[in-house]
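The values are calculated or read from the model by the stated rules, or taken from the named source; none is laboratory data. Being a predicted model, the structure only gives us computed values, none of them experimental. Cβ placement follows ideal geometry from the backbone for every residue including glycine, while neighbour counts extend to all protein chains displayed. For the accessible areas, the whole protein counts, side chains as well, though only heavy atoms, and no ligand, DNA or RNA atoms are used. Shrake-Rupley method; radii C 1.70, N 1.55, O 1.52, S 1.80 Å.
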Amino acid sequence: MPVIETDVAGAKAMKEAGLDALYVFFSHPEGFEDARETHVENLKKSGEGLDALDQRLLEASAELDAARSAPNLYDAVLAYETDELKRLARLKERISLKEPQVVPISSVWGFGRPRWDASVREYGYRPTRISVIGPAACGKSTAARALSARYGAPLIYPGALLRAAAYDSPTPLGVEARRYLDSTRVVPDDFMMKLVLERVNREDCKRRGWVLDGFPHNHYQAVSLEQAGIVADKVLVLEMDAASALERTAGRLIDPVTGRTYHEAFPSLMPSEDEPEVTARLVKRHDDEEANVRNRLAKYDFSDLPTRAVFPHVAHRLDANRAPAAVLAEAVAFVELEDALFEKRVITDVAKLPGLEYEIAELGKYRRKSVARLDAPGMVGDTREAPQWVDLLSLAAAAREFQINVAPAHFPHSVSDERLDLAALGPGGKANYLGKMLHVDSPEPVDLQIALTLAPREPERDVKKPRLLALCGDGADALAAALAAAYPDVYAVAEPQELPPPGEDYEDDIEPNEAEPPKEETAKEETEEGEDEDANKKETPDEDPPGFELEAFPGARAAAAIAHDGLCPVVWLDATEAASFRAAAVTAGPLVAEAGDAPAETEEGDDTEKDLAPTNAPVVVCVGLPPPQKTASASRSDGAGDATGAEGEDGDAPPERSEDASGDDAGEVSGSPSGVFDAVIYPPSAPGSARALPATLE
């Protein structure tokens, strides 16, 4: 933009010629007590002698009279300022109002509070106050230097202030702090606070702001700054994991002359080829040893959250595990947020909201406040009122109720909601695996309001117990193992009980001092007893060894343990044993009994078995072609009450069979599996059987 300096007559001529420009008149130092001294200083700056003073005063007076006679000539008349920076600020403001693309308003007021709060503005002062904090080696100094250069704000590094006060230009405070530095002890916070406060109160920091590099370190320093009236416009929190920090410090170097930091892993952070002398004198920082870095990281972790809690409305977290350019771009966007949204984002008074119900659609930081964007609820396609931005604290004070209704899948650290009762809470409760009652994983400090409602006790829910699955036929064992391997969270194979070796338990019952009877008497007694036993061999079952209890069905004990763990037990057996297995399983009752329940005894004609069948009956699946079954009609036609047919020619009765709808004593051969098998599938070797079983079970 060209700038033309002229008098009143020249301005009239240009405007009459049609020159489209901004015409500004600077008033002369008139009416000031020291006006003459001001004119003298101006003559000296222009190189003229004092003999021209009277002539210049006459010309200035004539210019003032000419400007007053043409009130419509100038677009702005600026009052005289003795401070040149203030005069320049006034001029830039006028230009910005006409050509904001050429002279942005931020060049007048900066990017801090004066940019959006007219009550704190003072011409010539455009402070932008930034604090950059984070763990060791996260890139604080790199970001702070870049921000200082961008905004023209003084860079304040407390470590450099301390070294200068203690060694370079000793001060009474620095000399006192030197005894801590010489003994490698931590300098007390009060020393650091005095150094930093003295620096930020200098005139250059008042006019242009400041960028604090790695300060405040802890909660005490943060609170002390605010109590002294030193408030940051933006606090940038760089975050990095410990492993990455250790990796970065391994290649970090420092220039002992300038104190500037470089890094071997980043070519852009190393001296240029034109600075070989700088490269030659680079050394490793003494505090970059691994033990020192770990100690610094531990201290930062201890003070991180309390420090950030002092800046809840101006802090912004940045991921430092990125290239410096990416971190800087995000930092700049946050610092310049108020300037970018100055005319777009308007904060509405909560009391003036037109509606009574809103949805919080977005959260952010704006003008030193935590703000929320409210959307009016409604169906898709409905006409809604425009979104409103409000102060979050004001909203919390005015709102009657907050309902948290979010999609947990959007938050990787969230836990799915669970409906709990009093019995599930606390140590030893059924929900103790959840740990804490409420878990909030947030990168920023949050104030969470919760209302817990104690509801009436609900009736016990009918939880469906795991049912027993039996696979029968050739290859059933392989299919059971394959099913458990494919769905380990659903099925588990129940192995049958192992029988003890014959006679093993009998030897334990013989006393060591008991005399053995003669072999002849023993043989005689065995012969006599054997005749009686042969007569009743088929009628009296073999006794189990002492101390051994036979299972209700093969795998019953293992099935009960599996069901107790919430899985579906799977047993395998021969297809001809399906009927007896089904009857034994139903009679045994539920696999998982409730506390205090006793096994129910069934009597003849009782319907208990029928009642248990729908919930406790096993699912029996035949693998391959079902074996032939006998029907009850043929048994009745042959005369079930005939004694000869029952006992046979030799007087031996056939083994008793468990009563079942398809397991009568005798009858015709029937190919129907009705009443025994719930489903029939192909064996595992047949194509498609792996997919057929899950579909059948569903």
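Quick check on this structure: which one of Arg281, Arg285, Arg248, Arg208 is of a type in the set (Lys, Arg) and touching a strand residue (DSSP E or B) at 6+ places or on another chain (Cβ under 6 Å)?
One residue alone meets the criteria, Arg285.
Taking only the stretch 356-408 into account, find how many residues are crowded, with 16+ Cβ neighbours inside 10 Å and modelled with pLDDT under 80.
Qualifying residue count, the stretch 356-408: 0.
Looking only at residues in the stretch 141-181 that are in a helix (DSSP H, G or I) and of a type in the set (Phe, Trp, Tyr), which one is most open to solvent (accessible area, probe 1.4 Å)?
Tyr167
How many of the residues making up the stretch 546-577 are modelled with pLDDT of 85 or more and in contact with a Lys or Arg (Cβ under 8 Å, 6 or more places away or on another chain)?
Of the residues in that region, 2 qualify.
Which numbered condition trips up His286, out of (1) surrounded by fewer than 16 Cβ atoms within 10 Å (Cβ to Cβ); (2) at pLDDT 85 or above?
Looking at each condition in turn, His286 falls short on (2).
Can you tell me how many residues in the stretch 318-365 are farther than 26 Å from Gly139 by Cα and part of a loop (DSSP other than H, G, I, E, B)?
Final tally of qualifying residues: 14.
Return the residue satisfying two criteria in turn: it lies in the stretch 100-140 and is part of a loop (DSSP other than H, G, I, E, B) and of a type in the set (A, V, I, L, M), and of such residues it is surrounded by the most Cβ atoms within 10 Å (Cβ to Cβ).
Ala137
Return a yes/no flag: does the stretch 70-78 have any residue that is at pLDDT 80 or above and among the polar types (S, T, N, Q).
Step one: of the stretch 70-78, the residues at pLDDT 80 or above are 70-78.
When the remaining residues are screened for being among the polar types (S, T, N, Q), the result is 72.
Yes.
Looking at Tyr123, Tyr80, Tyr157, which is the one that is out of contact with any Phe, Trp or Tyr (no Cβ under 6 Å at 6 or more places or on another chain), among the aromatic types (Phe, Trp, Tyr), over 27 Å from Arg199 (Cβ atoms) and in contact (Cβ under 8 Å) with a residue 24 or more places away in the chain? Walk me through how you get there before you give the answer.
On the way: Tyr123 fails: over 27 Å from Arg199 (Cβ atoms); Tyr157 fails: over 27 Å from Arg199 (Cβ atoms).
Selected residue: Tyr80, the only one of Tyr123, Tyr80, Tyr157 that is out of contact with any Phe, Trp or Tyr (no Cβ under 6 Å at 6 or more places or on another chain), among the aromatic types (Phe, Trp, Tyr), over 27 Å from Arg199 (Cβ atoms) and in contact (Cβ under 8 Å) with a residue 24 or more places away in the chain.
Determine whether Leu85 is assigned to a helix (DSSP H, G or I), in contact (Cβ under 8 Å) with a residue 24 or more places away in the chain and open to solvent by less than 60 Å² (accessible area, probe 1.4 Å).
So Leu85 does not fit the description; no.
Quick one: is Phe302 aromatic (Phe, Trp, Tyr) and open to solvent by less than 40 Å² (accessible area, probe 1.4 Å)? Write out each step before concluding.
On the way: aromatic (Phe, Trp, Tyr): yes; open to solvent by less than 40 Å² (accessible area, probe 1.4 Å): no.
No.
With the checklist (1) more than 22 Å from Pro135 (Cα to Cα); (2) open to solvent by less than 40 Å² (accessible area, probe 1.4 Å) in hand, flag the one item Leu197 doesn't pass.
Tallying (1) more than 22 Å from Pro135 (Cα to Cα); (2) open to solvent by less than 40 Å² (accessible area, probe 1.4 Å), Leu197 fails exactly one: (2).
Step by step: first the residues of the stretch 470-511, then only those that are among the β-branched types (Val, Ile, Thr) and at pLDDT below 90, then the one that is nearest to Gly555 (Cα to Cα). Which residue is that?
Restricting attention to the stretch 470-511, the residues satisfying the condition of being among the β-branched types (Val, Ile, Thr) are 490, 493, 510.
Now restrict to residues that are at pLDDT below 90: 490, 510.
Values: Val490: 17, Ile510: 32 Å.
The extreme case among them is Val490.
Has the stretch 192-203 got any residue that is assigned to a loop (DSSP other than H, G, I, E, B) and within 41 Å of the chain's Cα centre (by Cα)?
Looking through the stretch 192-203, at least one residue is assigned to a loop (DSSP other than H, G, I, E, B) and within 41 Å of the chain's Cα centre (by Cα).
Read through the list (1) in contact (Cβ under 8 Å) with a residue 24 or more places away in the chain; (2) under 30 Å from Arg207 (Cβ atoms), then give the number of the only condition that Lys15 fails.
(2)
Based on what the data block shows, is Leu282 of a type in the set (A, V, I, L, M, F, W, C), touching a Gly at 6+ places or on another chain (Cβ under 9 Å) and closer than 29 Å to Arg199 by Cα?
No.
Of all residues in the stretch 305-317, which are part of a helix (DSSP H, G or I) and open to solvent by 40 Å² or more (accessible area, probe 1.4 Å)?
Of everything in the stretch 305-317, those that are part of a helix (DSSP H, G or I) and open to solvent by 40 Å² or more (accessible area, probe 1.4 Å) turn out to be Leu305, Pro306.
It is to be established whether one or more residues within the stretch 46-68 are surrounded by 14 or more Cβ atoms within 10 Å (Cβ to Cβ) and in contact with a Lys or Arg (Cβ under 7 Å, 6 or more places away or on another chain).
Here is the first cut: in the stretch 46-68, the residues surrounded by 14 or more Cβ atoms within 10 Å (Cβ to Cβ) are 53, 56-57, 60, 63-64, 66-67.
Those still in the list that are in contact with a Lys or Arg (Cβ under 7 Å, 6 or more places away or on another chain) too: none.
Looking for residues that are surrounded by 14 or more Cβ atoms within 10 Å (Cβ to Cβ) and in contact with a Lys or Arg (Cβ under 7 Å, 6 or more places away or on another chain), one finds none in the stretch 46-68, hence no.
Go through the stretch 223-249 and give me each residue that's over 18 Å from Pro312 (Cβ atoms) and open to solvent by 10 Å² or more (accessible area, probe 1.4 Å).
Ala228, Gly229, Met240, Asp241, Ala242, Ala243, Ser244, Leu246, Glu247, Arg248
Return a yes/no flag: does the stretch 153-172 have any residue that is acidic (Asp, Glu) and over 30 Å from Leu337 (Cβ atoms).
For the stretch 153-172, residues acidic (Asp, Glu) and over 30 Å from Leu337 (Cβ atoms): present.
Taking Ile130 and the conditions (1) aliphatic (A, V, I, L, M); (2) touching a residue at least 12 places away in the same chain (Cβ under 8 Å); (3) closer than 24 Å to His286 by Cα, which numbered condition does it fall short on, given that it satisfies the others?
(3)
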